[in-house]
C-alpha cells in the first residue's frame, strides 16, 4: 500500500503544516540497539546487508521501538562499489577499507556501471519487504555522494587530512572528474532503483564534504552531486542532502538540487535558515553527543532546536549526525516523545493561525 501523501515526514518535506514536527534519526538502525546485537551476527555489515530478511528486520527495529516518522534503509554508502567488485569492505571500528585504492586512470576500469537488478538484488528485495511492512511510515533510501565515496576509494580508509584526495583533485582534475562522474552514475542508478522498489524519499550523504572550501566544493563536488539529485527529480520524491561540517557549504548543497537540507550540529538551525531561502526545509540538528550525555542535556538541546525552528513547517527533527554506538535507546525513546509533544502545531507559535492539517 502506498504511503499516504500526508504522512508527517512527507508533509514536512513540502513545508506543509502538520500536527507535529516529524522525527527520525540517522543511523537509528543498529549499533545502539540491543535487539540489533541479538540478530546481527558476525562478519561485515556488508554481509548483513546481503540478507534481505535480516536487513528488513534491522531497518524495522527502531521504528517499532522509537515510533519515528521515517525508516531509513539498512545499507551503507559503499554498498554499490562493493557490489561491483572494487574491493571495499567495512572493518568494525574503522569503517570502509579499500584493498587497492584508486590511484590512476587504469583504476577507472574497475568502476563499471552499476546494474541494480543484477548487482544489488538483495537491496531491492529489502526495500520491497519494507514497503510491505512499514504501512504508513515512509522509507528513506540513500546513497553516498560522489565526493565522499571517491575520497574513501582514493584514501583507502577513513582519514582526517584528505591529502591524497585533494592532491588528486588539484594535480589531475580530469581524472578526478571522471572518477566522481562514474560514482554519480552509480549513486543515481542505485537511488532510482530504490525508489522504483518503493522508497518514499532519498538522502544523499556527503559525509566528508566539510573538508572542502566553498570554491573547491563548487569545482570538485557540486557537479557530480547535482547530477545525482537532478537525476531523480522526475521521480517526485523528496531529496535530502546532508553533510558534516558543511555550514559554509549549505547554499551550494541546496543548489545541487536538495528539497531538504540536512544541517549538522555545528550550525544553529535558525542560522542555517538565515543562510538559505526563508522557505527552505531543514533537517536536524541535535548534537548526538548530548544524547549520550543523558536525558537532561538531551531535552534541553531538543527544546533549543525546536525554539530555533520557531514553528516553521519545513522542519524534520534529526540529530546533527548519526546515532552514536554508546547511546541509551531509552533516551531516544523519550526524545521522540518530546519532539512529538512539544512540536505540536498548537505548541509552535509560528504555526498558530496556519491552515489546519487536512
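Read the figures in this text as sums done on the coordinates, not as results from a lab. Because the structure is predicted, anything quoted here is derived from the model rather than measured. Heads up, the Cβs are rebuilt from the backbone with ideal geometry, glycines too, and the neighbour counts pull from every protein chain shown.
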- [ ] Using label points projected 7 Å from each Cα along Cα→Cβ, tell me how many nm separate residue 91 and residue 47, to one decimal.
- [x] 1.7
- [ ] Report the residue, chosen from 101, 138, 173, that carries the largest GNM mean-square fluctuation when the chain is represented by alpha-carbon nodes joined by springs under 10 Å.
- [x] 173
Task: 10 Å-binned pair-distance histogram of the chain (Cα, whole percent) - done: 5, 26, 36, 25, 7, 1, 0
TODO: Give, as ranges by residue number, the residues of region 304-326 whose backbone N falls under 13 Å from the point 7 Å along Cα→Cβ of residue 270.
DONE: 304-312
TODO: Hey, could you grab the Kirkwood Rh for region 82-208? Inverse mean 1/r over distinct alpha carbon pairs, Å, one decimal.
DONE: 15.6
Open item on the list: Quick check: pseudo-label points 7 Å beyond the Cα along Cα→Cβ at residue 14 and residue 117, how many nm apart are they?
Closed with: 3.1
Task: Cβ-derived FRET efficiency at R0 22 Å, residue 38 paired with residue 132, nearest 0.05 - done: 0.45
Task: Where a label projected 7 Å from the Cα of residue 304 along Cα→Cβ would reach, residues of region 240-271 with amide N under 16 Å - done: 264-271
Open item on the list: How far apart, in nanometres, would the label points at residue 181 and residue 341 be if each is projected 7 angstrom from Cα along the Cα-to-Cβ direction?
Closed with: 5.5
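Taking 8 Å as the Cα distance limit and 6 or more residues as the minimum spacing, I'd like the relative contact order of region 116-243 as a percentage.
Reported as a whole number, the value is 35 percent.
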Task: Rel. contact order, % - alpha carbon contacts under 8 angstrom, at least six apart, region 224-271 - done: 40
Task: Choice from 278, 113, 268 showing the highest fluctuation, given a GNM over the chain with Cα pairs closer than 10 Å - done: 278
Task: Mean Cα-pair separation over length for the chain, i.e. relative contact order, pairs under 8 Å, 6 or more apart, % - done: 22
TODO: For the chain, with a Gaussian network of springs between Cα atoms less than 10 Å apart, report the residue from 30, 284, 144 with the top mean-square fluctuation.
DONE: 30
Open item on the list: So if I take the centroid of the Cα atoms in region 306-325 and the same for region 202-261, what is the distance between those two points in Å?
Closed with: 18
